[in-house]
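Beneath this line is the structure, given in structure tokens, with notes to follow.
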Amino acid sequence: VLKLFKLLHRTRQEVFKNDTKALEAARQKINEEFRNNRDETSEEKINELLKIASDVEVILRTSVIQAVHTDSDKIVLIPRKDLLQDNTPYIDKPTKK
């Protein structure tokens, strides 16, 4: 449980780097969820909660991207290396092998 708690906070720090509002909101939410469930004794419920926390960490790491407003009508995206993937080019007429 503690390992997942620390992993969520490390992921939060990486995903929301330089965004103090998002960092604080994520910190509060992570701490609140773990605090609300710290007295849970059911092994089944604990495993379910750990699965949810693990899924949240994966979604944060692989799906969230930062954006910064530069002008009134422009936004600059700041992708992390975790989000950059090789893209397979579109082929209009694929060849049969």
_Residue check for A53: open to solvent by less than 60 Å² (accessible area, probe 1.4 Å) and touching a residue at least 40 places away in the same chain (Cβ under 8 Å)_ = yes
_Here is a list: E44, E24. Which entry is of a type in the set (D, E), surrounded by fewer than 13 Cβ atoms within 10 Å (Cβ to Cβ), closer than 23 Å to R80 by Cα and free of Cβ contacts under 8 Å to residues at least 40 places away in the same chain?_
E24
*Please work out if T70 is out of contact with any Gly (no Cβ under 9 Å at 6 or more places or on another chain), surrounded by 13 or more Cβ atoms within 10 Å (Cβ to Cβ) and of a type in the set (S, T, Y).*
no
*Residue count for the range 14-50, restricted to those that are closer than 14 Å to L2 by Cα and among the aliphatic types (A, V, I, L, M)*: 4
_Could you list, ordered by first residue, the pairs with Cβ atoms under 6 Å in which the first is in the range 72-97 and without any contact (Cβ under 8 Å) to a residue 60 or more places away in the chain and within 28 Å of T62 (Cβ to Cβ) and the second is among the small types (G, A, S) and assigned to a strand (DSSP E or B), at least 6 apart or interchain?_
I75/A67; L77/A67
*Report, by residue number, each residue of the range 51-77 that is under 18 Å from V1 (Cα atoms) and among the small types (G, A, S).*
A53, S54
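The values are calculated or read from the model by the stated rules, or taken from the named source; none is laboratory data. Model, not experiment: these values are computed from the prediction. All Cβ positions, glycine included, derive from the backbone under ideal geometry; neighbour counts span all protein chains shown. Areas reflect the complete protein model, heavy atoms only, side chains present, ligands, DNA and RNA absent. Shrake-Rupley method; radii C 1.70, N 1.55, O 1.52, S 1.80 Å.
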